[in-house]
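> Can you read through this structure? Questions will come right after.
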Amino acid sequence: MKPWVPLGRAPIPGTDDELLLWQRGDEFSIRISGYVSELMNSRQHGSEEALATYACPLIAERASAQVLVGGLGMGFTLAAALRSVRADATVTVAELVPEVVEWNRGPLGSAAGHPLTDPRTRVEVGDVAHVIRRQPAAFDAILLDVDNGPEGMTQEDNDWLYAPKGLAAIRAALRPGGVLAVWSVEAVPRFTTALNRAGFTVHVRTARARGDRGAKHTIWIARSPEQTRPGKK
């Protein structure tokens, strides 16, 4: 078996940890320094794709749809979103770690089919929370794969996204009837309750990491209210 070869390392803003990129043949792995388990692997991306394929068809027929992906990772969610929307759509991906964007523009890009080269892709280097805060009623769908979900590993700042104030900001950033999809490494029942309290209609789904095998991950599909019709209260 071929050995793992280190390709890059990058500090995670706001922490003492680093992301580590490794390659073995055509397989890639991203790990967090100090953790034994992988953060992501290029052969186990089924649930990352499901984050997009569960959500984007709900808004795919909207003209000039605007989709926001929080977390680039290995590009699989972005690639699946691009496959699920029309040619006039725009998919913005917000990635906190600049080196992750560069890895996806380099050797890692082949894993997901180089989605950053798609003309519909826009890249925001920075915190997805900042994008959400500054763009009210801007997006038809927001897909979040940030820090392993509501029970994160790396950044306490990510907790804001899943708290009432963050969910209120996400709802404000969505257009009427827009969709929020959230990936999590595990089920978190209290987050379902939080989404309902924030005014979303919620469906909880699961997806395997690799086909019908691998770890089972949780995906929340949360729909914001449709616009109130004129004359109705």
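The rows are residues; the columns are (1) closer than 30 Å to residue 173 by Cα; (2) touching a Ser or Thr at 6+ places or on another chain (Cβ under 8 Å); (3) not acidic (Asp, Glu).
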site	(1), (2), (3)
16	no, no, no
22	no, yes, yes
43	no, no, yes
61	yes, no, no
73	yes, no, yes
78	yes, yes, yes
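> Which residues, counting only those in the stretch 12-41, are surrounded by 13 or more Cβ atoms within 10 Å (Cβ to Cβ), of a type outside the set (D, E, K, R) and more than 19 Å from residue 145 (Cβ to Cβ)?
22, 23, 33
> I'd like the residue in the stretch 167-194 that is outside any helix (DSSP H, G or I) and not hydrophobic (A, V, I, L, M, F, W, C) and, out of all such residues, is modelled with the lowest pLDDT.
So, considering only residues that are outside any helix (DSSP H, G or I) and not hydrophobic (A, V, I, L, M, F, W, C), the one modelled with the lowest pLDDT is 186.
> What residue, of 206, 121, is among the hydroxyl-bearing types (Ser, Thr, Tyr) and either surrounded by 14 or more Cβ atoms within 10 Å (Cβ to Cβ) or without any contact (Cβ under 8 Å) to a residue 12 or more places away in the chain (or both)?
121
> I need the full set of residues from the stretch 53-70 which are in contact (Cβ under 8 Å) with a residue 60 or more places away in the chain and either among the charged types (D, E, K, R) or open to solvent by 20 Å² or more (accessible area, probe 1.4 Å) (or both), in order please.
54, 58, 62, 66
> Another question about this same structure. Is at least one residue of the stretch 161-177 hydroxyl-bearing (Ser, Thr, Tyr), buried (at least 17 other Cβ atoms within 10 Å of the Cβ), within 25 Å of residue 8 (Cβ to Cβ) and free of Cβ contacts under 8 Å to residues at least 60 places away in the same chain?
The answer is no, given that none of the residues of the stretch 161-177 is hydroxyl-bearing (Ser, Thr, Tyr), buried (at least 17 other Cβ atoms within 10 Å of the Cβ), within 25 Å of residue 8 (Cβ to Cβ) and free of Cβ contacts under 8 Å to residues at least 60 places away in the same chain.
> Moving on. Take the residues of the stretch 85-102 that are over 27 Å from residue 21 (Cβ atoms) and not charged (D, E, K, R): which is farthest from the chain's Cα centre (by Cα)?
Out of the qualifying residues, it is 87.
> Does residue 108 satisfy the condition of being in contact with a Phe, Trp or Tyr (Cβ under 8 Å, 6 or more places away or on another chain), closer than 17 Å to residue 220 by Cβ, hydrophobic (A, V, I, L, M, F, W, C) and open to solvent by less than 20 Å² (accessible area, probe 1.4 Å)?
For residue 108, the condition - in contact with a Phe, Trp or Tyr (Cβ under 8 Å, 6 or more places away or on another chain), closer than 17 Å to residue 220 by Cβ, hydrophobic (A, V, I, L, M, F, W, C) and open to solvent by less than 20 Å² (accessible area, probe 1.4 Å) - is not met.
> Tell me, which strands (runs of 3 or more DSSP E) lie completely within the stretch 33-148 with 1 or more residues that are touching a Lys or Arg at 6+ places or on another chain (Cβ under 6 Å) and either farther than 27 Å from residue 205 by Cα or of a type in the set (D, E, K, R) (or both)?
The qualifying strands (runs of 3 or more DSSP E) are 38-41, 139-144.
The values are calculated or read from the model by the stated rules, or taken from the named source; none is laboratory data. Predicted, not measured: the structure shown is a model, and the values here were computed from it. So basically every Cβ, Gly included, is an ideal-geometry build from the backbone, and we count neighbours across all protein chains shown. The area values use the complete protein model at the heavy-atom level, side chains included, leaving out ligands, DNA and RNA. Shrake-Rupley method; radii C 1.70, N 1.55, O 1.52, S 1.80 Å.
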